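The values are calculated or read from the model by the stated rules, or taken from the named source; none is laboratory data. Only a predicted model underlies this, so the values are computations on that prediction, with no experimental measurement involved. Methodologically, a virtual Cβ is constructed for each residue, glycine included, from the backbone with ideal geometry; neighbour enumeration extends over all protein chains shown.
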Amino acid sequence: MNKVNKSLRALVIVGLITFLSFFGFNYYENFRNSANLNNFLEEASAVSLLHSESSKEFEKVLNFDEINRDVFETTLSGLVRDSQEAYNLVQNIGGDFVSSEKELLNIATSSWLKGLETFQVSIITLIDNPQSLKIEEALAQSIVDLSIGDKAYEEFVQKISQRSREDNLFLPVFYPVKYTGLEGSAFNFADVIVKKARDSSEGLFLRRDVAITGVQFLPSPIAVTEDNYRVFLNEPIGLQVVIANEGNIEEFDIILLVLVTDEFGDSVYEKRAKVSSVGAFESKSYFTDNIELEPGILYEWFIKIEEIENEEELEDNLFTISGFIPPEE
């Protein structure tokens, strides 16, 4: 009888331990899943806020007639940076936490990031070279990617809302995100952008850039040394400066400065001149006075065009060149 009681007691203890272990394991799993889900929802809400604000900024970027290039590039770089941050957040959510909602959010953030990066590269390429081939395809693909992100996010919000109702979950705020909505007409939109870039000289597609594209001594040097110094005959020397307008609108009152100094740093000639106008993609020449140089002394010509408002490229506004008349024997 004692043996039977002991056996029953042992079975009860084993059963109780098994039950408690099973209950404890399930409780732990449910607790861990709940913690992972709450963490996911919190991070997803942060991603939602980032992209909601970015999508509003993207609308401003698309207003090509009002935005200039500096603002465009700064804004778009910020959007790409925020999109990368949101993508990284989703990748690091919840460790091994897996759900269909997370997969949808992953599709959304990766598509948005890809779309913004492609749009950034394509538009800047188009601005710099309006005749770029097949640029429409890249632009259209960027719109498609952004639209895919919009759609995946919309499905994510619907799915997580349904789960909230079914499981009585408390949801944080998920903000509206809409970058385009143009997936079906992406190529038409891209065609419009490309045509605008090729025809327009306003807003984003306004390009202002003047440059010194050529310098010629008059009369021409008789030689050039290994140090790239020009060698002149002993006669007065003048200079022809070619000023090009590489922008797409006519420029007026272009200021040119020519300064000649000797090897001791003393100024021997200075001229500040104004070129009344240069048409888009045209050039004009400016001729300096002829000046007397002293044989055996090295001279440097410093030529500069003053910066114009919102100029694209400044390095080509400066030019220096040196030369001398051989010393008399």
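Do we have Q120 as more than 20 Å from L104 (Cβ to Cβ), assigned by TED's automatic domain parsing to the domain that holds V71, surrounded by fewer than 22 Cβ atoms within 10 Å (Cβ to Cβ) and out of contact with any His (no Cβ under 6 Å at 6 or more places or on another chain) here? Yes. In the set (1) closer than 12 Å to V241 by Cα; (2) within 35 Å of the chain's Cα centre (by Cα), the condition left unmet by I308 is number (1). The set of residues in segment 276-310 that are in contact with a Gly (Cβ under 9 Å, 6 or more places away or on another chain), surrounded by fewer than 18 Cβ atoms within 10 Å (Cβ to Cβ), touching a residue at least 40 places away in the same chain (Cβ under 8 Å) and part of a loop (DSSP other than H, G, I, E, B) comprises A280, D289, N290. Residues in segment 190-229 that are over 30 Å from A138 (Cβ atoms), of a type in the set (A, V, I, L, M, F, W, C) and part of a loop (DSSP other than H, G, I, E, B): I222 only.
The residues of segment 123-140 that are in contact with a Ser or Thr (Cβ under 6 Å, 6 or more places away or on another chain) and not hydrophobic (A, V, I, L, M, F, W, C), listed by number, are T125, S132.
Only one entry of K178, K159 meets the criterion of being at pLDDT 80 or above, over 21 Å from the mean Cα position of the chain (by Cα) and either under 26 Å from D82 (Cα atoms) or surrounded by fewer than 18 Cβ atoms within 10 Å (Cβ to Cβ) (or both), and that entry is K159. Scanning segment 231-250 for residues that are in a strand (DSSP E or B) and surrounded by fewer than 20 Cβ atoms within 10 Å (Cβ to Cβ) returns V231, G238, Q240, V242, A244.
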